[in-house]
Amino acid sequence: MKPLKETHFSLKDYVDFPKVAANVEAISIKLNQLNYLIGQEDMAAAVKRLWNENPKVFSVLDVLIAVRAKDKKKAIDAYGNIHLVSDYFTSPEQVTVFLNETGLTEVFQKKQIKNLVDYVFGVEVGLDSNARKNRGGHIMEGLVANILTLSGIPFEQEVYYTEFPEIVRALGADNKRFDFVIRTPQKTYLIEANFYTGGGSKLNEVARSYSELAPKINAVAGFEFVWITDGIGWESARNKLEEAFAHIPSVYNLSNINTFIEKLK
């Protein structure tokens, strides 16, 4: 418990700038056309002129309020009716309502935004920060992969248990995928890797699940289950982690993973 780390993020993990740039580039032509609205005093008339020129440019308005169309976000109007945000992009009148009620009309008129391409780049950075949680698991896998590579340990990643008929018989219909597989002449190690910065029921569930999984795998000759986990989130689930040690002989964190590597060598 003592060396559990507060975070596994490096500076490069906070924002995926290539992804941000690609998202902006995909809609940059429409954003440049929407720049026409910046500085317009009569917003309704400007919207109508732009609509007559190209009504499709308004389909990207949702990103200006940090919403993605695929999320199908909804809003309630003054009459208590519920609408999809995208419903406001179906006519110039509705677009004007959207701009007025979100506050974008005033922002445009006061020229608080100079260029929508640059503005949306910033919005995309913010939206990408919401994806950090999803990247967290892959970051931990990357750290473990890097340690194994630097140690000269050959491994495979994201391997389904169906590659091992003996394990299929042991696990039944559980369609399990292991983060890493390391094959040695003596034994094949099936490895899970995760990192938790915060507590919650997820940790209890993971500890319980692996405590049930490990004995089934370890009972099969030539196979061993290995769990590499870290993060101060375990401080709130210390008892569950301690219980897991009774069922999983091979549990490591990023500080003592070298013990496992020495065993492999």
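The values are calculated or read from the model by the stated rules, or taken from the named source; none is laboratory data. Predicted model only: the values in this text are computed from it and were never measured. Positions of Cβ are generated from backbone atoms using ideal geometry, with glycine treated the same way; all protein chains shown enter the neighbour counts.
Scan 243, 212, 224, 235 and give me the residue that is under 20 Å from residue 179 (Cβ atoms) and surrounded by fewer than 17 Cβ atoms within 10 Å (Cβ to Cβ).
Numbers: 243 fails: under 20 Å from residue 179 (Cβ atoms); 224 fails: surrounded by fewer than 17 Cβ atoms within 10 Å (Cβ to Cβ); 235 fails: under 20 Å from residue 179 (Cβ atoms).
Selected residue: 212, the only one of 243, 212, 224, 235 that is under 20 Å from residue 179 (Cβ atoms) and surrounded by fewer than 17 Cβ atoms within 10 Å (Cβ to Cβ).
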Hey, can you tell me all the residues within the stretch 32-47 that are among the polar types (S, T, N, Q) and closer than 13 Å to residue 107 by Cα? 35, 40
Filtering the stretch 137-156 down to residues that are exposed (fewer than 14 other Cβ atoms within 10 Å of the Cβ) and within 21 Å of residue 185 (Cβ to Cβ), which residue is nearest to the chain's Cα centre (by Cα)? 156
Can you report the number of residues in the stretch 182-208 which are of a type outside the set (Phe, Trp, Tyr), closer than 20 Å to residue 247 by Cα and at pLDDT 90 or above? 13
Going residue by residue through the stretch 83-99, is there one that turns out to be of a type outside the set (D, E, K, R), over 25 Å from residue 28 (Cβ atoms), in a strand (DSSP E or B) and at pLDDT below 95? yes
Select from the stretch 56-76 the residues that are exposed (fewer than 15 other Cβ atoms within 10 Å of the Cβ) and touching a residue at least 24 places away in the same chain (Cβ under 8 Å) and write down the one among them that is nearest to residue 108 (Cα to Cα). 65
Taking residue 141, is it of a type in the set (Asp, Glu), under 24 Å from residue 256 (Cβ atoms) and in the same structural domain as residue 245 (by TED's automatic domain parsing)? yes
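Just checking, which of 223, 178 is in contact (Cβ under 8 Å) with a residue 40 or more places away in the chain, aromatic (Phe, Trp, Tyr) and more than 25 Å from residue 6 (Cβ to Cβ)?
Working: 178 fails: in contact (Cβ under 8 Å) with a residue 40 or more places away in the chain.
Exactly one residue qualifies, and that residue is 223.
Here are some residues: 104, 31. Which one is hydrophobic (A, V, I, L, M, F, W, C), over 22 Å from the mean Cα position of the chain (by Cα), surrounded by 15 or more Cβ atoms within 10 Å (Cβ to Cβ) and closer than 30 Å to residue 12 by Cα?
Testing whether each residue is hydrophobic (A, V, I, L, M, F, W, C), over 22 Å from the mean Cα position of the chain (by Cα), surrounded by 15 or more Cβ atoms within 10 Å (Cβ to Cβ) and closer than 30 Å to residue 12 by Cα leaves just 31.
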